[in-house]
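Presented below is the structure to which this report refers.
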Amino acid sequence: MNRRLQDWSFTQVGGGEGTKDGEWLKVSQFPTTVHVELLHLKRIPDPFIALHEWDVQWVGESRWAFKTEFSVSAAELAAGNADLVFDGIDTFASVTLNGIKILETSNQFLSHRVPVKSHLVVGQNDLVLNFDSAYFKGRELEKKHGKFNLWNGDSSRLHVRKAQYNYGWDWGPVLMTTGPWKPISLHCYENRISDLDVRAQVSESLEVNLTAKVSFPKQQGYTSFVLRRPDGSIEVSRSKMPTDDGNCEATFRFPSGQLQLWYPVNYGHQPLYTVEVNITDLEGNTLDSQVQKIGLRRVRIVQEKLIDEDGLTFLFEVNNIRMFCGGSNWIPADSFLTNVTAERYRAWLQLMVDGNQNMIRVWGGGIYEADVFYSICDVLVWQDFMFGCGQYPAYQQFLDSVKAEAEQNVRRLRHHPSIVIFAGNNEDYQIAESLNLELDYSDEQSDYLKTNFPARHIYERLLPAVVEELSDTYYHRGSPYSGNGKLTTDQTYGDLHMWRVWHGSQESWHAWDSLAGRFVSEFGMEGFPNIRTVDYWLDAHKSERYPQSRINANHNKADGFERRLACYLVENFKYSYEMESHVYYTQLMQAETLAAAYRTWRRRWAGKGRQYTAGALVWQINDCWPVTSWSIVDYFLRPKPAYFTIARELRKFTVGMARKDKQSFPDELSSAQFTIETILEIWGTNSTLSDKKATLEVTSFDLLSDCWRDKWSEEIVLKANSSTELHTGILPGQPVRTKKSQVPKNIIVSARLIDDSGEVLARYSNWQVPFKFINFPPDTEVKAIVSSDGQSITLSANRPVKGIVLDAAGPDVKWSDQGIDLVPDDPQTVAAVGLDGREVKVRYLGDGTA
């Protein structure tokens, strides 16, 4: 018997702003945390609105208690064992059962199973959880063990095994949650399966060796094993395996082709097999059973030499297929985790699939995500351990807690086929490098615990040992991490966080080709969210509805964001500070920046030996509250234009262009005599496993002239799983310049890849940058024709148009595309689910609003 405990109440210990002394309030849901319940009861203002984040700080610094009363029957108590199972406690709690202390907790990421048979009584039983402030506890631990360095949040967080983003981040609020954030159950049983370890080793020839190990307290009896196909039929079974010593192992071998292999989206299907394990006593009575879904795949991280460039690849290979990984970083989807339902997880992951992404990185400052997240994930998962941006300690109590955390979560996650890498931390090696801590990458033997970077012991000794013992998943020491004795900023080894755009030297986004790495696991650009989201946090404060207002500033946590946004805007655009326009220009800037990165780096996936860049994961896909951040989809699941521009760059087939000015000096002694030619480069990409024949159609327009065009086409072949260089030549219509005073013409080039059937496989328009120098023609006309059913829009224009963003007054519309470039005679149709025939608002660059 296993049942969840319900009917919980909570109180503020000693009374205060939350409850009166001795006042117990019924919870609205369970599991839950204090903020969620106080919000439900309207005892605190919504911290997501205006400046109210700062009105609820007392919640995280108070003591709270949760209690329930549950009945136990004589039959339940007659079982050989009775345990209370706590799936997750946030964070410091003392638990009593019928007045007897049974548990002390100090790690949000741990579950606890406590034998309580001797403490239970037939009838009513009282269970109480008393919570201390994690903030206060962390400060106490910091006083005892020392203050260390970090980026983001209060330094005491480094001592607390709790979701680190709760302390505030450069995209998130300070909201210190507390409470029973996962289910609590009573489990009465005679025997139980304590561990089920199912591993599928797939050989290079794609044969499958399947091993299932079952562990439980020693008892004579039998174990049965069933493997069911994705359709539910039985693939193989084995019954009545003796289990005298509490362990049982079953092994199976399947030839290549007998079992269906798991692939990430766009490379194949995601079939899941079902493992059913049952243990019985000698008479055949079932004692326990477990069911687990598994996927069968071969995964390698390939690091090999390259042609023409130094270093090694860092690429993912699934079932012998090398994949360019285009995707996103994931932070927790809410500041209040118990509000993230299975439906919200599914909606987020569906956005990834719809956006042509095939990898997500679960970032190390959040949580090991809920089971449902991994169960429904059809993309590859890069899984960090929960260490982020800090000089973490490594005293024994801390190490013991981390080890238990790692063991539990590796056991919990290892069977998910989507998880292809475990990484030890987020940016902790960068902290060590920036502070010149004792970090000698050539030293693999020293006792790191005796250095001022003791957490190296965690990342290079403790965690890899746990991963190796309990799983077959690849372990990477951190993100970023180069290995090979190189710094984390090295662009030729390992993975790279490329923050020289936005952070650091704040370089131009047009320089992505020189900022590439072997695998870029973080990069980004800020952009405002949907204007509806801005108005949500502004609430009734209409006087604050301007970009630099106090409330808007509180909903952007990035250091120096005012200067950085202004820098990139002023370098590239003529822009407006009117609220809707400012939202538009930051969104367009973000969309152009991120699309350029994917376009440029995917070009560097040029076939075996030339797979110079093997992945790009944008920071970030999501938000934990309504905020201006680097996300490409806001808290309310409203995609920004960048989401769509990235989706276009990650299609199966793409076309890209770049223009470069080539300056030549006929006299090496003179700087006054020169020529400038503009060179146009065109390439295409193909992520399928077969060569693709297509027609490359290139049309050039003079933005200020409606009577000049240049058009040509060519039959081309896009190489399989690779980029292909298609054309290099002089930009049509652009005269050779001999003086800097000769302003180049605004030539816009449109390239399309067209299938034999006439289908447009890909399109891209290349514009002269920076956009701020462009004088847009006043007679530009954009038509947006609503279909007869009111659920789609056909866009057309008489001149080239940059960055169309669509909207309609009233409820949200689900658009299939945004941030669109148009050229004459190439109309585009955009699905608009929920538009219902409403009038469409069209924004674009140069529309007269700035």
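The Cα-based radius of gyration and maximum Cα-Cα distance (Dmax) for the range 388-483 are 13.3, 39 Å. Overall shape of the range 652-775 was characterised from the C-alpha gyration tensor. The equivalent ellipsoid obtained from it has semi-axes of 32, 17, 11 Å, in decreasing order.
By a straight-distance test (C-alpha under 15 Å), which aspartates and glutamates pair with Lys117 as possible cross-link partners, with residues fewer than eight away in the same chain excluded? Answer for Lys117, where 15 Å is the Cα cut-off: Glu76, Asp83, Asp126, Glu190, listed by chain and number. Shown is the FRET efficiency for Ser239 and Glu469, computed with R0 = 22 Å from the Cβ-Cβ distance and rounded to the nearest 0.05: 0.15.
Packing-based ranking of 482-495, 250-263, 378-391 yields 378-391, 482-495, 250-263, ordered from highest to lowest mean Cβ neighbour count within 10 Å.
Using the structure shown, list the pairs from Lys67/Lys403; Lys574/Lys802; Lys814/Lys841; Lys745/Lys783; Lys660/Lys802 with a Cα-Cα distance above 22 Å, or answer none. Listed pairs above 22 Å: Lys67/Lys403; Lys745/Lys783.
Sorted largest first, the spans of the alpha carbon positions of the range 285-433 along the three principal axes are 63, 41, 37 Å. Against the chain, whose longest principal axis comes from its Cα atoms, helix 342-354 is set at around 30 degrees. With contacts defined as alpha carbon pairs under 8 Å and 6 or more residues apart, what's the relative contact order of the chain in percent? With pairs under 8 Å counted, the relative contact order is 9 percent. With all projection directions averaged, the alpha carbon convex hull of the chain covers 40.3 nm².
In straight-distance terms, cross-link reach from Lys652 covers every one of the lysines whose alpha-carbon lies under 20 Å from its own, apart from those fewer than eight places away in the same chain; here that gives Lys608, Lys692, Lys693, Lys719.
For the range 737-814, the relative contact order works out to 17 percent when only alpha carbon pairs closer than 8 Å and six or more residues apart are counted.
From least to most packed, judged by other beta carbons within 10 angstrom and beginning with the fewest, Phe66, Phe636, Phe48 follow the order Phe636, Phe48, Phe66. The GluC sites (Glu not before Pro) of the range 599-691 that DSSP puts in a loop, and whose beta carbon has at most 10 other beta carbons within 10 Å, are Glu668. Couplings for the range 498-509, taken from phi via the Karplus curve 6.51 cos²θ - 1.76 cosθ + 1.60 with θ = phi - 60°, read 9, 10, 6, 9, 5, 7, x, 6, 6, 6, 5, 5 Hz in order; Gly and Pro are left as x.
Can you work out D for the range 715-844 in µm² s⁻¹ from Stokes-Einstein, where Rh is the Kirkwood radius over C-alpha pairs, the temperature is 10 °C and the viscosity is 1.306 mPa s? The estimated diffusion coefficient comes to 92 µm²/s.
Measuring nothing but alpha carbons in the range 239-285 and taking Rh as the Kirkwood radius, the Rg to Rh ratio lands at 1.15.
Normalised size of the range 1-88, defined as Cα radius of gyration per 2.2 N^0.38 Å with N residues, equals 1.38. Computed about its Cα centre, the charge dipole of the range 59-130 is approximately 160 debye, with only Lys, Arg, Asp and Glu carrying charge at their Cβ. Mean silhouette area of the range 458-597, derived from the convex hull of its C-alpha atoms and averaged over all directions, reads 11.4 nm². Here the peptides 160-168, 466-474, 772-780 are ranked by packing, the mean other Cβ count within 10 Å, and the order with the highest first is 160-168, 466-474, 772-780. The HN-Hα couplings worked out from phi for the range 714-731 by the Karplus form 6.51 cos²θ - 1.76 cosθ + 1.60 (θ = phi - 60°) are 7, 7, 9, 10, 8, 5, 4, 6, 6, 8, 9, 6, 10, 6, 9, x, 5, 5 Hz, whole numbers, x standing for Gly and Pro. Peptide packing: for 594-607, 788-801, the average count of neighbouring Cβ atoms within 10 Å per residue gives the ranking 594-607, 788-801, highest mean first. Straight-line cross-link partners of Lys213 among the lysines, defined as a Cα under 17 Å from its Cα and at least 8 positions apart when in the same chain: Lys240, Lys293. On the principal axes of its alpha carbon atoms, the range 475-552 extends 56, 30, 18 Å, with the longest extent given first.
Taken together, the values in this text are just the output of simple stated rules run on the coordinates, not laboratory data. Please read all numbers here as calculations on a predicted model, not as lab measurements. Counting neighbours? That spans all protein chains shown, and the Cβs are built from the backbone with ideal geometry, glycine included.
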